[in-house]
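Colleague: Sending over a structure as structure tokens; questions will come in a sec.
The values are calculated or read from the model by the stated rules, or taken from the named source; none is laboratory data. Being a predicted model, the structure only gives us computed values, none of them experimental. Methodologically, a virtual Cβ is constructed for each residue, glycine included, from the backbone with ideal geometry; neighbour enumeration extends over all protein chains shown. Surface areas here come from the heavy atoms of the whole protein model, side chains and all, with no ligands, DNA or RNA. Shrake-Rupley method; radii C 1.70, N 1.55, O 1.52, S 1.80 Å.
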Amino acid sequence: MAKRKVVIPEYGTVMKRGVLYYRTRIRDANGKLIALYARTPEELYDREIEALEQIDNATFHRKSPTVTEYCEKWLLMQSVYIRATTLTDYTSKVRRHIIKELGQKRMADVTLDDIQLALVPVSKKSASVYKSVVILYKSIFRAAKESHVIDENPTMYLDAKGGGSSSGTAGFDR
């Protein structure tokens with residue numbers, strides 16, 4: 001198969017200190033014009049592609065909500081489908097075990113390792129609390145993936161098994 005030839009656009013030129021440069025202008029994530037310069041059209045084309053990728057990445061991070069923002073939105077969406085007592089339970093667990101641990105991170109930046117580290121304190125609670133928090137993590141990140149907020153679901157391989165004793169007496173002396 002023949003390699004596709006890259007078509008280099010025709011760029012304007014400008015003379016600076018006796019040296020001829022090729023120039024183009026692009027808009028950054030805020031809409032501000034940025035001038036790019038290079039000595040050859042090929043070099044300018046490479047710089048333009050790299051700059052556009054950086055702008056797309058910055059725009060992506062700005063569009064990706066924090067864990068706190070998305071969790072609050074998810075809780076609001078759930079309020080339509082669940083009882084008030086269930087919503088109260090979800091809200092408490094989400095705020096105490098998810099937002100408290102990962103709230104400032106962007107949804108797209110959360111990894112399985114981040115979630116597993118956040119679950120360490122929860123693992124000292126009862127098995128039922130641990131399982132319900134894991135299920136909340138899985139539900140929130142599944143919804144984010146389905147809504148195209150994130151590209152990959154970090155909870156895909158997360159296991160709900162774990163936590164303290166399942167007898168309901170975790171933390172109590174007999």
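Colleague: For region 37-53, check the following and say yes or no: at least one residue is in contact with a helix residue (DSSP H, G or I) (Cβ under 9 Å, 6 or more places away or on another chain) and outside any helix (DSSP H, G or I).
Modeller: yes
Colleague: Please indicate, with yes or no, whether at least one residue in region 83-93 is open to solvent by less than 80 Å² (accessible area, probe 1.4 Å) and charged (D, E, K, R).
Modeller: Yes: one or more hits.
Colleague: In region 113-122, is there at least one residue being touching a Ser or Thr at 6+ places or on another chain (Cβ under 8 Å), modelled with pLDDT of 95 or more and either open to solvent by less than 70 Å² (accessible area, probe 1.4 Å) or aliphatic (A, V, I, L, M) (or both)?
Modeller: Within region 113-122 (the criterion being touching a Ser or Thr at 6+ places or on another chain (Cβ under 8 Å), modelled with pLDDT of 95 or more and either open to solvent by less than 70 Å² (accessible area, probe 1.4 Å) or aliphatic (A, V, I, L, M) (or both)), the answer is yes, since at least one residue qualifies.
Colleague: Among the residues of region 1-24 satisfying the criterion of being modelled with pLDDT of 85 or more and of a type in the set (D, E, K, R), which is surrounded by the fewest Cβ atoms within 10 Å (Cβ to Cβ)?
Modeller: ARG17
Colleague: Among the residues of region 25-57, how many are open to solvent by less than 50 Å² (accessible area, probe 1.4 Å) and under 30 Å from ASP109 (Cβ atoms)?
Modeller: Final tally of qualifying residues: 8.
Colleague: Related question: Condition (residue is charged (D, E, K, R) and within 23 Å of the chain's Cα centre (by Cα)) applied to region 126-141: is it met by at least one residue?
Modeller: yes
Colleague: Residues of region 140-163 being open to solvent by 30 Å² or more (accessible area, probe 1.4 Å), in contact (Cβ under 8 Å) with a residue 24 or more places away in the chain and assigned to a helix (DSSP H, G or I), which ones?
Modeller: Those that are open to solvent by 30 Å² or more (accessible area, probe 1.4 Å), in contact (Cβ under 8 Å) with a residue 24 or more places away in the chain and assigned to a helix (DSSP H, G or I): none in region 140-163.
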